[in-house]
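Each remark here refers to the structure printed beneath this line.
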Amino acid sequence: MNESSYVECEDDYEEEEVAEVDFRKEGYRNDQLYCAHLMLKQAWNGNFGAPVNDLLSSNSDAKVLDFGCGSGYWTLEMATEYPSPKFYGINPVASFPGSVLPRNVEFIVSNVLTDTLPFKDAEFDYVFARNIMFTFHKPNFESIVMKEILRVLKPGGYIEFVEEEIIEGHNRGKALMHWNIDGLKVWLESQKIDYEIICRFKECLQSTNQLKDITEQKLKIPIGKSNGFIGELAAEYIMCTVKSMADNLMPIMNLTNEEYDHLVEEIEKEVKENEEEYNAYFHFRRYFAIKILKENSALRRTIILPLLREIYNGIFMAICVRDLNLSLHISESFVSVQVQVMKLINWTANTSSDNTLNIWHNNSIL
């Protein structure tokens, strides 16, 4: 496996001019998923980090899976920008649009914890997932989710994850820290959600023994209006999250509705009005990697074909001096065998070893 890489990107983002698009309209307010989508696209200067632009721009047969697509913002934007590939968004509940979609988009309701993904092995060239870690209990992500994602990803295809460091953060005000430590963290632990997995996610990817060229990037997201549109989006994202967690956290924090509302007001002051005093920020991380080509395919390419050539050359040279017609017949037969073996080798690059043995046994591709 190739050595993994780590890129620290805390100060690398540049705010883009957005006057000609609708990012500054009020539509993002009170929509946590939309805030996150706009914030991350702006901060990362794009919708993805994996080097798949050429693939998506030129390959009309490419297939992309947005795993845990939520409301489908990423899927719809990517499908509009790249009209050639087919994009699939999958989610446990139908929170995505039901109509008026680009022709190259399909949304599917499916829960990976109760059923396998409704796709065949090695179907996708690129699998993208964002903000999904905190929807799975220990150890479901590593034992079930990761295995299914790798099953549907083609050898040579890219996988990408983008996740927030939920608990980590810097220079946050007292109210937000209280909410984080005494509320959110306790709730995550009570639900047996592994919120720290994002900080050791590189090791998680390496442990699959199916991925190489693992790249890790970490981005600092500043909070508050003084940090421009990204800071404004970050503040709105935090407030959407705090409000949406009220029913979960009030019992844990032993707060009444009025007390939680007061806490929300204090947090809003910290992240919106007093940003210069607190200068708060938090981190997102993203990881992308390539699925390794099967070793048995490489062995067949490097061993079987050369061996067949040697056998053919030896028999042909031994016979040609005695019977020209017989040698020509043997030559044609061995060329045919080589062609069929090459078919098998190419096919097994995208097929499991068990299926390869069954196909070989049944002689179905020969």
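The values are calculated or read from the model by the stated rules, or taken from the named source; none is laboratory data. What you see is a predicted model, and the numbers here were worked out from it, not measured in a lab. As a convention, Cβ positions derive from the backbone with ideal geometry for all residues, glycine included, and neighbour counts pool all protein chains shown. The area values use the complete protein model at the heavy-atom level, side chains included, leaving out ligands, DNA and RNA. Shrake-Rupley method; radii C 1.70, N 1.55, O 1.52, S 1.80 Å.
One table, with the values for the structure above:
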quantity: Filter result (at pLDDT 90 or above and either closer than 30 Å to Asn59 by Cα or in a strand (DSSP E or B) (or both)) within region 154-192; calculated: Lys154, Pro155, Gly156, Gly157, Tyr158, Ile159, Glu160, Phe161, Val162, Glu163, Glu164
quantity: Residue count for region 240-262, restricted to those that are without any contact (Cβ under 8 Å) to a residue 40 or more places away in the chain and among the hydroxyl-bearing types (Ser, Thr, Tyr); calculated: 2
quantity: Number of the condition not met by Ile181 [criteria: (1) without any contact (Cβ under 8 Å) to a residue 12 or more places away in the chain; (2) over 23 Å from Val127 (Cβ atoms)]; calculated: (1)
quantity: Exclusive hit being among the aliphatic types (A, V, I, L, M), surrounded by 14 or more Cβ atoms within 10 Å (Cβ to Cβ) and under 22 Å from Thr135 (Cα atoms), set Leu117, Leu55; calculated: Leu117
quantity: Qualifying positions in region 120-129 - under 13 Å from the mean Cα position of the chain (by Cα) and either at pLDDT below 95 or open to solvent by less than 20 Å² (accessible area, probe 1.4 Å) (or both); calculated: Phe124, Tyr126, Val127, Phe128, Ala129
quantity: Residue within region 131-153 that is at pLDDT below 95 and within 18 Å of Thr75 (Cα to Cα) present; calculated: yes
quantity: Residue in region 135-163 that is surrounded by the most Cβ atoms within 10 Å (Cβ to Cβ), counting only those that are among the hydroxyl-bearing types (Ser, Thr, Tyr) and in contact (Cβ under 8 Å) with a residue 40 or more places away in the chain; calculated: Tyr158
quantity: Residue selected from region 47-81 under the condition among the small types (Gly, Ala, Ser), at pLDDT below 95 and outside any helix (DSSP H, G or I), by the criterion farthest from the chain's Cα centre (by Cα); calculated: Ser60
quantity: Members of region 127-153 that are more than 25 Å from Trp44 (Cβ to Cβ) and outside any helix (DSSP H, G or I); calculated: His137, Lys138, Pro139
quantity: Test: Leu249 is more than 28 Å from Met146 (Cα to Cα), modelled with pLDDT of 90 or more and open to solvent by 30 Å² or more (accessible area, probe 1.4 Å); calculated: no
quantity: Filtered residues of region 205-219 (kept if outside any strand (DSSP E or B) and either of a type in the set (S, T, N, Q) or open to solvent by 10 Å² or more (accessible area, probe 1.4 Å) (or both)); calculated: Gln206, Ser207, Thr208, Asn209, Gln210
